[in-house]
1. Looking only at the range 175-225, how many residues end up being among the aliphatic types (A, V, I, L, M) and either on the phi > 0 side of the Ramachandran plot or surrounded by fewer than 11 Cβ atoms within 10 Å (Cβ to Cβ) (or both)?
2. Consider Gly26 carefully, then state whether it is within 16 Å of the chain's Cα centre (by Cα) and either more than 27 Å from Thr175 (Cβ to Cβ) or buried (at least 19 other Cβ atoms within 10 Å of the Cβ) (or both).
3. Report, by residue number, each residue of the range 24-53 that is closer than 17 Å to Asn137 by Cα and touching a Pro at 6+ places or on another chain (Cβ under 9 Å).
4. Under 7 Å between Cβ atoms, at least 6 apart or on separate chains: pull out the pairs that start in the range 182-211 with a residue that is without any contact (Cβ under 8 Å) to a residue 60 or more places away in the chain and end on any residue that is acidic (Asp, Glu).
5. When only residues in the range 62-89 that are of a type in the set (Phe, Trp, Tyr) and modelled with pLDDT under 90 count, which is farthest from the chain's Cα centre (by Cα)?
6. Kindly check whether there is at least one residue in the range 140-152 that is assigned to a strand (DSSP E or B), out of contact with any Asp or Glu (no Cβ under 8 Å at 6 or more places or on another chain) and of a type outside the set (D, E, K, R).
7. Would you please list the contacts, defined by Cβ atoms under 7 Å and residues six or more apart or on different chains, that run from a residue in the range 152-177 that is free of Cβ contacts under 8 Å to residues at least 24 places away in the same chain to a residue that is of a type in the set (Asp, Glu)?
8. Looking at the range 90-118, I want the residues that are under 20 Å from Arg59 (Cα atoms) and modelled with pLDDT under 90 and have a partner that is assigned to a loop (DSSP other than H, G, I, E, B) and small (Gly, Ala, Ser) with Cβ atoms under 9 Å, at least 6 apart or on another chain. Which pairs are those?
Amino acid sequence: MIKPFNKIIKIFNKHKLWDDQIELVGSWCFYLYQKYLGVKKFPLKTQDIDILINIPYKRKKQINLLNDFKEIGFVEDFKNDGTIFITNGEFKIEFLVPKRGPGTEEIVKIKPLSITAVSLRHLDMLFEEPIILIENNIRIKLPNPTQFILHKLLISSRRRIQEKKIKDIQQAIYTYPIIDGENLKKEFSKLSKNAKQKIMKNLKYAIEKIPLEDKIISNIIFTLQ
């Protein structure tokens, strides 16, 4: 499973896209935290690869990113709600952009890359002080772990499936030991009142649903208060 993943990220490296405001986010980002930053091991059960792109996205030379993926066996496909992704039957790659302002999520065309992306809320925080890791000699840009934690704790409130909600929270609490608590508190203080309330609610929910991690969850709550 790792070899196909390396082929995927190599395409972004080929076009130097990691030098732009493009990041690998989601569970594969968490996998790299485990591999290189000492985050507690947690089984990776997803083939979904999420790529975050900041907008407006500008590039001097337009490329057809979809053609690059077709060369390694990917095709374009659609979900039931009409959103677009690309897949090779094993991996599914979805492009995401931040949703800003009022209105519902929508599909956004990224013309410089010849792809489409889905706009979602609460993604802007992941662009704050990103980090670079090297996987198989390939540079990859990832969210700062502190922002990753806050994002996971925030979006878990939107999950309708309990298993996915718990997985988001688990990834956040397992990442917590590698970051500075005071910095987490500082970044938490910048969030809206509504976002803070959702995060604290999700942490209290986690104490009930993930009792084996109650000490570290209580530590996070104490840090944020």
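1. 1
2. Considered against the rule, which asks whether it is within 16 Å of the chain's Cα centre (by Cα) and either more than 27 Å from Thr175 (Cβ to Cβ) or buried (at least 19 other Cβ atoms within 10 Å of the Cβ) (or both), Gly26 comes out as yes.
3. Residues satisfying the conditions are Leu24, Cys29, Tyr33, Leu37.
4. Final answer for the pair search is Ile207/Asp214.
5. If we take residues in the range 62-89 being of a type in the set (Phe, Trp, Tyr) and modelled with pLDDT under 90, then Phe78 is farthest from the chain's Cα centre (by Cα).
6. Yes.
7. These pairs meet every condition: Lys152/Asp168; Arg159/Asp168.
8. Listed by first residue and then by second, the contacts come to Ile107/Gly82.
The values are calculated or read from the model by the stated rules, or taken from the named source; none is laboratory data. No experiment lies behind these values; they were computed from the predicted model shown. Note that each Cβ is placed from the backbone with ideal geometry, even for glycine, and that neighbours are counted across all protein chains shown.
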